[in-house]
């Protein structure tokens, strides 16, 4: 069984419904309990747009990392995500990123785990802290709490709602 942490975000139309739909689809590929963070409203990171709703979930899956990535991309497509054609940030119905996969470090042209920017994004660290403040980043060796203390991201991140699941 593989323990995974996923970051979800949406800034188009009914953002909360997109998060709920993504959680429902993710629960179908999970092999264990799904733990949900609170949902936070955050300013866009890296580009100008409407505000995002962001959350993190922790679950278990029997899928290997690359298969999980493929399944998550299928969920994004089902929920109307337009594939990136250029290397810039853009608005999206749903974005699902793998933050951690067990304690593995994976570096390939298709997949980087831990997510290479998670320690620089408060909109990821705050919800991650809801779930596991003591999880230790396998590359940096620091806990989520430590990463929050060191994060220089000053973007707006406010509690939108508590989320108990689908």
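None of the figures in this text is laboratory data; all of them are computed from the coordinates on show. In this text, all values refer to a predicted model and were calculated from it rather than measured experimentally. A quick note on method: Cβ atoms are made from the backbone with ideal geometry, for glycine too, and the neighbour counts reach across all protein chains shown.
Here are the numbers for the structure shown:
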{"quantity": "Mean-position separation - Cα centroids, the range 128-166 and the range 1-74, in angstrom", "calculated": "15 Å"}
{"quantity": "Packing-based ranking, highest mean first, of 93-105, 29-41 given that Cβ atoms within 10 Å are counted", "calculated": "93-105, 29-41"}
{"quantity": "Gaussian network model of the chain, Cα within-10 Å springs - most flexible of 135, 123, 52", "calculated": "135"}
{"quantity": "Choice from 125, 117, 63 with maximal GNM fluctuation in the chain (Cα, 10 Å cutoff)", "calculated": "117"}
{"quantity": "Computed [θ] at 222 nm, helices only, for the chain once each DSSP H run of length n ≥ 4 contributes -39500 (n - 2.57)", "calculated": "-8500 deg cm²/dmol"}
{"quantity": "The range 86-166: C-alpha gyration tensor shape, a/c 1.5 cut-off, then a/b vs b/c", "calculated": "rounded"}
{"quantity": "Percent RCO, i.e. relative contact order, over the chain, from Cα pairs under 8 Å lying at least 6 residues apart", "calculated": "32 percent"}
{"quantity": "The chain: C-alpha gyration tensor shape, a/c 1.5 cut-off, then a/b vs b/c", "calculated": "rounded"}
